[in-house]
Amino acid sequence: MFSNSADRSGRRELIAVGLSLIIVYVTTGSCGLINATGRTHGPSWRMVVSLGPEIEAWGIYPGGQSGNPGSARYDEFIDEWVAGELAELLFLKSKTEVDPRIVSRLAMRQK
């Protein structure tokens with residue numbers, strides 16, 4: 001087993017599996033904590049929501065948008081996830097609300 005430093009607060013370990021090397025991200029946590037991570041399991045989606053007069057939320061989901069391990073973007077946000085970083089989430093008050101972060105819309109109608 002080989003170890004090297006991760007870009008942020010976590011640690012990466014290279015582990016030999018057959019003829020391949022895989023990267024394992026080592027984080028802190030246990031099954032009794034909010035960050036319930038272990039050597040073989042852990043949360044993927046993380047979200048924090050402030051339920052005040054104006055809803056604010058932050059979250060992160062590693063694994064790319066599709067969640068497909070074969071995707072070229074599958075490792076997006078892994079380092080941020082390991083470091084416990086969150087991104088601000090957009091909550092709209094109505095379906096017609098406009099925000100500069102919205103780049104497209106998809107309307108689905110029942111036949």
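The values are calculated or read from the model by the stated rules, or taken from the named source; none is laboratory data. These numbers were taken from a predicted model, which means no experiment stands behind them. Heads up, the Cβs are rebuilt from the backbone with ideal geometry, glycines too, and the neighbour counts pull from every protein chain shown.
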**Residues (part of a loop (DSSP other than H, G, I, E, B) and in contact with a helix residue (DSSP H, G or I) (Cβ under 6 Å, 6 or more places away or on another chain)) located in the stretch 58-107** = 62
**Request:** Confirm whether residue 86 is surrounded by 10 or more Cβ atoms within 10 Å (Cβ to Cβ) and at pLDDT below 65.
**Result:** no
**Request:** Go through (1) touching a residue at least 12 places away in the same chain (Cβ under 8 Å); (2) not in a strand (DSSP E or B) and name the single condition residue 47 misses.
**Result:** (2)
